[in-house]
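S.K.: The structure under discussion is supplied below as structure tokens; questions concerning it will follow.
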Amino acid sequence: MSKLGTYVQLVKKPVVKVKKAKPTTIHAISGIHKRANSQYRSDEWVKYNKKNFGKRIKQLDHILKDSNFLVDGGYREFIVSMYKALISGRKVTPKMESSITKIVASYSKTLSPEYQKKKLDYTENTIAKLNMIKRRLDECNYTTGYKNYQLDFLDSIEKQVFSRGSLSIKQRKSLNKMYTQFTKKIEKNDKIKKRIEKSA
């Protein structure tokens with residue numbers, strides 16, 4: 001046997017570390033229960049709203065489908081938000097319930113014969129004024145581009161009058177301004193025409 005001896009290298013076995021599962025805390029369990037209960041409560045509120053506000057849900061659905069009543073974007077979005085609140089199971093506050101009642105009452109008023117007659121009279125008078133403004137615009141001898149621009153605006157106003165039977169204060173002021181502008185333009189053109197005739 002050699003005097004140098006025999007060196008044997010010992011190889012360490014790899015140590016496998018086993019991660020211990022984190023214990024489920026009370027907060028984690030509470031979170032799971034909370035999410036489950038939240039979904040349960042949501043479903044229950046949907047059923048509750050359907051039972052207690054079923055009539056209102058149908059009424060708002062009908063109103064949203066009536067294109068003659070809802071042409072204003074802002075007001076339509078408000079009604080949509082109330083409708084979604086009812087069908088999605090959102091808790092209806094007294095303030096929301098009051099707003100929904102006012103929406104239905106406002107719509108019901110538009111269905112009365114008195115309102116329909118008033119709307120018809122307003123529509124006829126306003127369309128007559130719009131036609132007069134269009135005739136004055138035609139007499140002004142503006143450029144084709146400017147004339148078409150003004151006609152587009154007047155046509156949009158006409159469509160709104162037929163659908164809603166009303167105009168905003170801002171729109172009425174714009175029409176009055178256009179009428180005054182076109183009238184002055186015609187008068188100015190007449191003066192220029194007479195001056196030319198005299199000098200001829």
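The values are calculated or read from the model by the stated rules, or taken from the named source; none is laboratory data. Model, not experiment: these values are computed from the prediction. Reconstructed Cβ throughout: ideal geometry from the backbone, glycine too, with neighbour counts over all protein chains shown.
S.K.: Filter segment 167-183 for residues that are exposed (fewer than 14 other Cβ atoms within 10 Å of the Cβ) and closer than 26 Å to Gln116 by Cα and give the result. It would help to see each step written out before you state the result.
M.R.: Initially, segment 167-183 is screened for residues exposed (fewer than 14 other Cβ atoms within 10 Å of the Cβ), giving 168-170, 173, 176-177, 180.
Correct list: Ser168, Ile169, Lys170, Lys173, Asn176.
S.K.: Could we say that Thr180 is more than 21 Å from Asn68 (Cβ to Cβ), of a type in the set (Ser, Thr, Tyr) and part of a helix (DSSP H, G or I) here?
M.R.: yes
S.K.: Enumerate the pairs (first residue in segment 111-124 and over 17 Å from Ser168 (Cβ atoms); second residue anywhere and assigned to a helix (DSSP H, G or I)) with beta-carbon separation below 8 Å, excluding pairs fewer than 6 apart on the same chain, so at least 6 apart or on different chains.
M.R.: These pairs meet every condition: Tyr115/Lys109.
S.K.: Just to be sure before I move on: is Lys117 surrounded by 13 or more Cβ atoms within 10 Å (Cβ to Cβ) and not aromatic (Phe, Trp, Tyr) in the structure I sent?
M.R.: no
S.K.: I've got another one for you. Return a yes/no flag: does segment 150-158 have any residue that is modelled with pLDDT under 90, under 24 Å from Lys65 (Cα atoms) and either small (Gly, Ala, Ser) or surrounded by 11 or more Cβ atoms within 10 Å (Cβ to Cβ) (or both). Step through it out loud before you land on a result.
M.R.: Filtering segment 150-158 for residues modelled with pLDDT under 90 gives none.
Scanning segment 150-158 turns up no residue that is modelled with pLDDT under 90, under 24 Å from Lys65 (Cα atoms) and either small (Gly, Ala, Ser) or surrounded by 11 or more Cβ atoms within 10 Å (Cβ to Cβ) (or both).
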